[in-house]
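Only one structure is covered here, and it is reproduced in the block below.
The values are calculated or read from the model by the stated rules, or taken from the named source; none is laboratory data. Quantities reported herein were computed from a predicted structural model and do not represent experimental measurements. Heads up, the Cβs are rebuilt from the backbone with ideal geometry, glycines too, and the neighbour counts pull from every protein chain shown. With ligands, DNA and RNA removed, areas are computed over all heavy atoms of the protein, side chains included. Shrake-Rupley method; radii C 1.70, N 1.55, O 1.52, S 1.80 Å.
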Amino acid sequence: MDRGALQPRVHDVAGAIETMETRGAANIATATADALETQAVESDAETAPELLAELRTAARFLLSTRPTAVSLPNACRYVLRRATGDTVEAVRTNAVESAAEFRARLETAQDDLGRVGANRLRDGDTIMTHCHSTDVLACVEAAVEDGKQLSAIVKETRPRQQGHITARELRELGVDVTLVVDSAARRYLDDVDHVLVGADAIAADGSVVNKVGTSGLAVVARERGTPIVVAAGTLKLDPATMTGNAVEIEMREESEVLEETDRETIGDVTVENPAFDVTPPRYIDAIVTERGQFPPESVVTLMRELFGEGPTEPWQEP
Ligand code: RI2
């Protein structure tokens, strides 16, 4: 891949996504749209085909950073499909406009989704969370704005302890927070009205890919009879799964699990660090999107409506 013509901002955004300085599907998508826009605006390309090739290269580079979060390819799909034209100026204008439109839709979508999710929450409810999801926070925020008092059992979410971010943001919303280690979840499920988690990707069969530990939580919650609600904008729908492609699970560095000094003490063991897992649709009660709430098995209908039957990827060379 010739990355020579890529703007520094594209490298910065890719680096921030890879190191998880920029994380969470919505943030990743916004940063991706920003990067593609910057490439279009700052490029020295002299012809439209040259600029289009640069945008495809920028998209492929961004896509190489994190394989699971489908918001990244969906942001690329949105901007690249609209950034067309016969002149550099036309491609540039369309790229800028489509990136702006994408960001605006994303913001509205999260507000709309929040209101749908808030309808499920009653005054006095307790939720359990896993990891950190801005879509989940949007549901809680809308419920709090409706005057509902909520409590939360927040799983710390090893290995990166992103539950700490959730705990802080829920406290800022005035929610009572109890922080627990992941393995304590089952003990507290009897006190929980809804398990409320986000998603990084949703497959055509309604399977939900989310931070590792979600599937175990869902199985235990089902055994306890606690509803499992997934808050995930339509940006998380993965159109590539309509043609049978599986969602690739990102494997992260060993150092997130085992510090160097512990590694020396333990010796020669293999460390595996999958970032995500897959929760089958039978464990999920509802998927809350900006278009309403859906049983997981029916998201494929929404996926077809939004993305069409067979996706052709705009970052591939023609
Ligand atoms: P929002 C996160 O993954 C979590 O798994 C979270 O549920 C999901 O993204 C969705 O986040 P990571 O990017 O889009 O922290 O709801 O690895 O913010």
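Checked against (1) open to solvent by less than 10 Å² (accessible area, probe 1.4 Å); (2) in a loop (DSSP other than H, G, I, E, B), GLU21 meets all criteria but (1). PRO227 - would you say it is in the same structural domain as ALA286 (by TED's automatic domain parsing), surrounded by 18 or more Cβ atoms within 10 Å (Cβ to Cβ) and not charged (D, E, K, R)? It is false that PRO227 is in the same structural domain as ALA286 (by TED's automatic domain parsing), surrounded by 18 or more Cβ atoms within 10 Å (Cβ to Cβ) and not charged (D, E, K, R).
The set of residues in the stretch 283-318 being assigned to a loop (DSSP other than H, G, I, E, B) and among the small types (Gly, Ala, Ser) consists of GLY308, GLY310.
Inspection of the stretch 118-140 identifies no residue that is under 27 Å from GLU256 (Cβ atoms), away from the ligand (no atom under 14 Å from the Cβ) and in contact (Cβ under 8 Å) with a residue 12 or more places away in the chain. Report yes if some residue within the stretch 149-157 is without any contact (Cβ under 8 Å) to a residue 60 or more places away in the chain, out of contact with any strand residue (DSSP E or B) (no Cβ under 7 Å at 6 or more places or on another chain) and away from the ligand (no atom under 11 Å from the Cβ); otherwise report no. The answer is yes; a qualifying residue exists. Just one of the listed residues (GLU50, GLU54) is open to solvent by less than 40 Å² (accessible area, probe 1.4 Å) and part of a helix (DSSP H, G or I), namely GLU54. The set of residues in the stretch 153-194 that are in a helix (DSSP H, G or I), open to solvent by less than 40 Å² (accessible area, probe 1.4 Å), hydrophobic (A, V, I, L, M, F, W, C) and closer than 24 Å to ARG120 by Cα comprises ALA167, LEU170, ALA185, LEU189. Applying the set (1) over 29 Å from ASN119 (Cβ atoms); (2) out of contact with any helix residue (DSSP H, G or I) (no Cβ under 6 Å at 6 or more places or on another chain); (3) in a loop (DSSP other than H, G, I, E, B); (4) of a type in the set (Val, Ile, Thr) to THR265 leaves exactly one unmet item: (3).
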